[in-house]
Structure formats: structure tokens, C-alpha cells
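Throughout, read-outs are computed from the coordinates displayed, never taken from laboratory work. Model, not experiment: these values are computed from the prediction. Ideal geometry is used to build each Cβ from the backbone, glycine not excepted, and the neighbour counts take in all protein chains shown.
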Amino acid sequence: MSQSIVQLRQAHLTLGNGASSVHVLKGIDLDIAKGESVGIVGPSGSGKSTLLMVVAGLERLDSGEVRVAGHALHQLGEDAVAAVRGRSIGIVFQSFHLIPNMTALENVAVPLELAGRADAFERARQELVAVGLGERLTHYPGQLSGGEQQRVAIARALASDPVLIVADEPTGNLDGETGRQIADLLFAKQSERGSTLLLVTHDVTLAERCGRQVSVRSGRIVDTDEEAAAAAKAIA
């Protein structure tokens, strides 16, 4: 049996307070095996991005369990969760989340420095070369195209050799051709490294490139790949 990298058990999460509170995740159960690529699909507001944030340790459950790479995130304090995230989880966001006054090299190296890596800048350079940005190391985000900025973000996500990559609409801010190039890069790097990929997307074609699709509707998982594919097409 394949080793599970992600496990959620009866995961519940409510966001907001009082009358404005929303029960976003409603008893989610999910297992993702080592090396899998899983596309999370569903309509806007269904809870799919929140699910991704829980797995990444960026949102804390109200109740239930979430384990990533053997670590019970629901039992850990914020510092311990951050340490797990720094070692084991690479995150790619739709809006890149680069620091504007840092170069591409610095954007990739600084998280490694904060994690105590003595070779942070050399490692960052290697990763930027690997995503095709060897000539753009000293450029700032404002000097890079959208596709180049997302390549920097992917290099940053991969630099710590994470066992899990989570990506939230990674092609959402890019034109069609650039988006395809970024998707090709993301899947190629995942395959090369044997890492696990958890991907939220509205793009049917991108979702179908994953080995498995999971549909989230109204905070619950709708089972089977067929239903997930139908849900993805319904929102395309």
C-alpha cells in the first residue's frame, strides 16, 4: 500500500464570527498517497481553496485531524506547523506572492535562510536555473512577466525539496499559452522529484492532467473521478 502523505479525518472549519460565520469544511475525509497528483475542483465558494490552506498549515481546523508527511498538524502549535511547512510543503499561489523589493534570487533564498540553510543562495540559484530563469537572477518581480514571476514562485516552492506541493490556481493569472507552459513545468518538476501534488483549479484541462480529481461542493467531497470531472466541466 502506498504511503499516505496527506490524511484528513472529519475535518471541520468555520470562518468568520457570529452572523457572518460560514461553515466552510463539513467533515472532510481525504487520503493522498505519496507521488500522486490530485486536482481539487468545484464551484467558487465550495471550500476547495480553504481545504488546500488547511493541508498547507495556513488554516487551523475547528475539529478533526490533518496529517501531512506523518505530522499531526492539528496537534501542533504555530511554530511547529511553520517548521513542518518549511521542510515538507511547497506552496504556489495564483498571485505569485513575491516580495517586490527583493530580486528573484533573494525571493527564493530568503525562506531557505530562515530555515537555517547555509547554502541558501546557491540552492536558490540552482532552482532558478532549473525553471529557466538563469539569466534573471537579479531582476525584481516588477521587471518580470507574469509567467516569469510564477516560475520564481515554483522555484521557491521546490527549493526545500518538499514531499508535498500545493498549488492554488497556479495558472489563474496567466494567458493560455503561458499557463500551459507553467503547468508543464509544475508537472515535470513533480514527476522528476517524486513529490506529491495537490492542485486547486477551475481549468478543466489542467485538472484532467492530474492522476485523480476530487470534487468539493458546499464543504463536502463528492466522490469518484467521474463526478469530479462533471463538476469541473459545469464550472468551466
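Tell me, rounded to the nearest percent, the portion of alpha carbon pairs in the stretch 1-132 spaced more than 23 Å apart. Percentage above 23 Å: 44. Across the stretch 14-19, computed HN-Hα scalar couplings (Karplus, 6.51 cos²θ - 1.76 cosθ + 1.60, θ = phi - 60°) run 10, 10, x, 10, x, 5 Hz from first to last residue, x flagging Gly and Pro. One decimal place: the segment ASP184-VAL110 gains 24.0 nm when fully extended, by the rule 0.36 nm per residue minus the C-alpha distance. Springs between Cα atoms under 10 Å define the GNM used for the chain, and in it the highest mean-square fluctuation of VAL108, VAL129, VAL68 occurs at VAL129. In µm²/s, what is D for the stretch 134-199 at 37 °C and 0.692 mPa s, where D = kT/(6 pi eta Rh) by Stokes-Einstein and Rh is the Kirkwood radius from Cα pairs? Once the numbers are plugged in, D ends up at 264 µm²/s. Less than 5 angstrom separates the built amide H of ILE5 from those of ILE32, ALA33, LYS34, all sequence-distant by 5 or more or on a different chain. Only the Cβ atoms of Lys and Arg (+1) and of Asp and Glu (-1) were treated as charged; on that basis the dipole of the stretch 47-116 about its Cα centre amounts to roughly 220 debye.
For the stretch 165-170, 3J(HN,Hα) computed residue by residue from phi via the Karplus equation (6.51, -1.76, 1.60; θ = phi - 60°) reads 10, 10, 9, 9, 6, x Hz, glycine and proline entered as x. Helix-only arithmetic for the chain: the sum of -39500 (n - 2.57) across DSSP H runs with n ≥ 4, divided by the residue total, places the mean residue ellipticity at 222 nm at -11000 deg cm²/dmol.
Calculated from the alpha-carbon coordinates, the stretch 1-60 shows an Rg and a Dmax of 12.8, 45 Å respectively. When the Cα centres of the stretch 76-99 and the stretch 130-190 are compared, how far apart do they sit, in Å? With the stretch 76-99 and the stretch 130-190 each reduced to a Cα centre, they are spaced 16 Å. Its Cα centre serving as origin, the chain has a Cβ charge dipole (Lys and Arg +1, Asp and Glu -1) of approximately 220 debye. Mind checking which of ASN17, ASN173, ASN107 has the largest fluctuation in a GNM of the chain, springs on alpha carbons under 10 Å? Looking only at ASN17, ASN173, ASN107, the biggest GNM fluctuation is shown by ASN17.
Quick one: work out the % antiparallel among DSSP beta bridges in the chain, nearest 5. Here the antiparallel bridges make up roughly 55 percent for the chain. Each of GLU208 and ARG220 was given a label point 7 Å from its Cα along the Cα-to-Cβ line. The distance between the two points is 2.8 nm. Residues with amide H under 5 Å of ILE165's amide H, sequence separation 5 or more or different chain, H placed in the peptide plane at 1.01 Å from N; which? Those lying under 5 Å, H to H, from ILE165 are GLY90, THR196, LEU197, LEU198.
For the stretch 25-36, backbone phi angles converted through the Karplus equation (6.51, -1.76, 1.60; θ = phi - 60°) give residue-by-residue couplings of 10, 10, x, 6, 10, 7, 10, 10, 7, 4, x, 6 Hz, Gly and Pro being listed as x.
Volume of the convex hull of the chain (Cα atoms only), normalised per residue: 131 Å³.
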